[in-house]
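Participant: Sharing a structure below in structure tokens format, with a few things to ask.
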Amino acid sequence: MSVKFPRPLLGFVACSGTGKTSLLEKLIPALRARGLRIALIKHPHHDFDIDPPGKDSYRLRQAGATQTMVASGKRWALINEHDEPRAEPQLDELLPQLDCRRFDLLLVEGFKHENYPKIELWRHELSRPFLYPDDRNIIALACDKKPAITPDIPVLDLNNTAAISDFVREWLLKQTV
């Protein structure tokens, strides 16, 4: 089943160390410069904490709050604690938490085994196998060198953020027609 969402969403997937976050750090400002409002969901493969130890909110959360909201005039964050270990979240569980009125495009880092449109990043020196063509949701490859395979989808230069931005913009225009 394909992920359903009222806004276009596009993922960036690859093995760890390929540069997904580094690419997105450059791509988001490039897309914003084109007038797009961007939201992002990232799936880390490790435990994380956005609330620094020692801060009041951290101390109160550690005291046992199952939900903690930290808010200011600049931003707010809601932290949900689970009493028991759970399975990794599915993308469709997280999507309803987003306010679709605030963005035009949702970028997703990770969730590579779910069914939604994705660009696969690939670095020659890592010598990892491609997810493509086994994953038919991959709409383009972004590679640092010409791949040995001959894909039937676009191959982008991983080091050319402008070209990737152009591709994303063209893809997005096709989604909204």
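Participant: Sort out for me the strands (runs of 3 or more DSSP E) sitting completely within segment 111-171 that have 3 or more residues that are hydrophobic (A, V, I, L, M, F, W, C) and open to solvent by less than 60 Å² (accessible area, probe 1.4 Å).
Facilitator: Ranges flagged: 118-122, 138-143.
Participant: Being touching a residue at least 40 places away in the same chain (Cβ under 8 Å) and open to solvent by 50 Å² or more (accessible area, probe 1.4 Å) is the filter here, so list the residues in segment 99-110 that pass it.
Facilitator: Selection gives Arg102 alone.
Participant: From the list Lys20, Lys26, exactly one residue is touching a strand residue (DSSP E or B) at 6+ places or on another chain (Cβ under 6 Å), open to solvent by 20 Å² or more (accessible area, probe 1.4 Å) and farther than 20 Å from Ala71 by Cβ. Which is it?
Facilitator: It is Lys20.
Participant: Which of the residues that make up segment 79-93 are within 29 Å of Ala30 (Cβ to Cβ) and either in contact with a strand residue (DSSP E or B) (Cβ under 6 Å, 6 or more places away or on another chain) or of a type in the set (D, E, K, R) (or both)?
Facilitator: Asp92
Participant: When you go through Pro6, Pro53 one by one, which is the residue that is open to solvent by 50 Å² or more (accessible area, probe 1.4 Å) and under 21 Å from the mean Cα position of the chain (by Cα)?
Facilitator: Pro6
Participant: Restricting the first residue to segment 71-91 and requiring it to be under 21 Å from His113 (Cα atoms), which pairs with a second residue that is of a type in the set (D, E, K, R) meet a Cβ separation below 9 Å and a spacing of at least six or different chains?
Facilitator: Partner pairs satisfying both residue conditions: Gln90/Glu114; Leu91/Glu114.
The values are calculated or read from the model by the stated rules, or taken from the named source; none is laboratory data. All of these numbers come straight from a predicted model, not from anything done at the bench. Every residue, glycine as well, gets a Cβ built from its backbone with ideal geometry; the counts of neighbours run over all protein chains shown. Just the protein is used for accessible areas: all its heavy atoms, side chains included, with ligands, DNA and RNA removed. Shrake-Rupley method; radii C 1.70, N 1.55, O 1.52, S 1.80 Å.
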